[in-house]
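What follows is one structure encoded as structure tokens, with my remarks underneath.
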Amino acid sequence: MSRPTKTYVPSPEWIVLDWHHACIETDALCIQQCDKCGRWRHPPRRCCPDCFSDSYEFRPVAGTGSVRSLAVSHRSLDPGWNERAPYAVLLVELDEGPSVLAATDLCPAEIEIGQPVDLTTERRSDDFSLVWANPR
């Protein structure tokens, strides 16, 4: 199944835009890491919830993790995704700790909680990249 290319592309703002730019610039999944205590955190935040530092950097991660949850969509308002229905959106817990949402080409019936996956990013515009989960 081919990935939808003509779909709605969001226009992220503020710190989320910074996160997308980091993923695009490195061509890898990046996650925010506190410079003071080292905590990985996602979604991005201005201050660390552990040490309250506002010093951080977006750093590439291994892109490996496991499925913690999923939602199956049977239709979509976006025509590019509607033709793929039913499709799953995954909540993936990264090996580094935080969780991210990811699209997938996997058939929803074949996805299991705890299943290991590899994550990649796909640039969709100058300001947005989509996270994809692939079976390991």
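The values are calculated or read from the model by the stated rules, or taken from the named source; none is laboratory data. These figures come from a predicted structure and were not determined experimentally. Cβ atoms come from the backbone with ideal geometry, glycine included; neighbour counts cover every protein chain shown.
So, in region 13-33, exactly how many residues are assigned to a strand (DSSP E or B) and among the charged types (D, E, K, R)? Spell out how you get there, then give the answer.
Narrowing region 13-33 to residues assigned to a strand (DSSP E or B): 30-33.
Okay, now just the ones that are also among the charged types (D, E, K, R), so none.
Residues flagged as assigned to a strand (DSSP E or B) and among the charged types (D, E, K, R) within region 13-33 amount to 0.
Per-residue answers, yes or no, for (1) in contact (Cβ under 8 Å) with a residue 60 or more places away in the chain; (2) among the polar types (S, T, N, Q); (3) under 16 Å from residue 97 (Cβ atoms); (4) exposed (fewer than 13 other Cβ atoms within 10 Å of the Cβ):
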site: 20; (1), (2), (3), (4): yes, no, no, no
site: 26; (1), (2), (3), (4): no, yes, no, no
site: 31; (1), (2), (3), (4): yes, no, yes, no
site: 39; (1), (2), (3), (4): no, no, yes, no
site: 46; (1), (2), (3), (4): no, no, no, yes
site: 49; (1), (2), (3), (4): no, no, yes, yes
site: 58; (1), (2), (3), (4): no, no, yes, no
Subset of region 112-136, residues among the hydrophobic types (A, V, I, L, M, F, W, C) and either crowded, with 18+ Cβ neighbours inside 10 Å or in contact (Cβ under 8 Å) with a residue 60 or more places away in the chain (or both), comes to 117, 119, 128, 130, 131, 132, 133
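Considering every residue within region 47-65, establish whether at least one is under 16 Å from the mean Cα position of the chain (by Cα) and over 22 Å from residue 23 (Cα atoms). Explain how you work it out, then say what you get.
Residues of region 47-65 that are under 16 Å from the mean Cα position of the chain (by Cα), as a first pass: 58-65.
Okay, now just the ones that are also over 22 Å from residue 23 (Cα atoms), so none.
The answer is no, given that none of the residues of region 47-65 is under 16 Å from the mean Cα position of the chain (by Cα) and over 22 Å from residue 23 (Cα atoms).
Quick check: anything in region 109-117 aliphatic (A, V, I, L, M), farther than 29 Å from residue 38 by Cα and in contact with a helix residue (DSSP H, G or I) (Cβ under 6 Å, 6 or more places away or on another chain)?
Of region 109-117, the ones aliphatic (A, V, I, L, M) are 109, 111, 113, 117.
Of the ones still in play, those that are also farther than 29 Å from residue 38 by Cα are 109, 111.
Keeping just the survivors that are in contact with a helix residue (DSSP H, G or I) (Cβ under 6 Å, 6 or more places away or on another chain) gives none.
So far as region 109-117 goes, no, none of its residues is aliphatic (A, V, I, L, M), farther than 29 Å from residue 38 by Cα and in contact with a helix residue (DSSP H, G or I) (Cβ under 6 Å, 6 or more places away or on another chain).
Scan 97, 65, 38, 80 and give me the residue that is in contact with a Phe, Trp or Tyr (Cβ under 6 Å, 6 or more places away or on another chain) and among the small types (Gly, Ala, Ser).
On the way: 65 fails: in contact with a Phe, Trp or Tyr (Cβ under 6 Å, 6 or more places away or on another chain); 38 fails: in contact with a Phe, Trp or Tyr (Cβ under 6 Å, 6 or more places away or on another chain); 80 fails: in contact with a Phe, Trp or Tyr (Cβ under 6 Å, 6 or more places away or on another chain).
Just one listed residue meets the conditions, 97.
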Check region 92-104 and report whether any residue there is of a type outside the set (Gly, Ala, Ser), touching a helix residue (DSSP H, G or I) at 6+ places or on another chain (Cβ under 8 Å) and free of Cβ contacts under 8 Å to residues at least 40 places away in the same chain.
no
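Kindly indicate which of 77, 91, 70 is of a type in the set (A, V, I, L, M), at pLDDT below 95 and either touching a Gly at 6+ places or on another chain (Cβ under 7 Å) or within 23 Å of residue 123 (Cα to Cα) (or both). Lay out the reasoning, then the answer.
Details: 91 fails: at pLDDT below 95; 70 fails: at pLDDT below 95.
Matching residue, one of 77, 91, 70: 77.
Looking at this structure, is residue 84 within 24 Å of residue 21 (Cβ to Cβ), basic (Lys, Arg) and either surrounded by 16 or more Cβ atoms within 10 Å (Cβ to Cβ) or more than 13 Å from the chain's Cα centre (by Cα) (or both)? First the steps, then the outcome.
Working: within 24 Å of residue 21 (Cβ to Cβ): no; basic (Lys, Arg): yes; either surrounded by 16 or more Cβ atoms within 10 Å (Cβ to Cβ) or more than 13 Å from the chain's Cα centre (by Cα) (or both): yes.
Taking the combined requirement at face value, the residue does not satisfy it.
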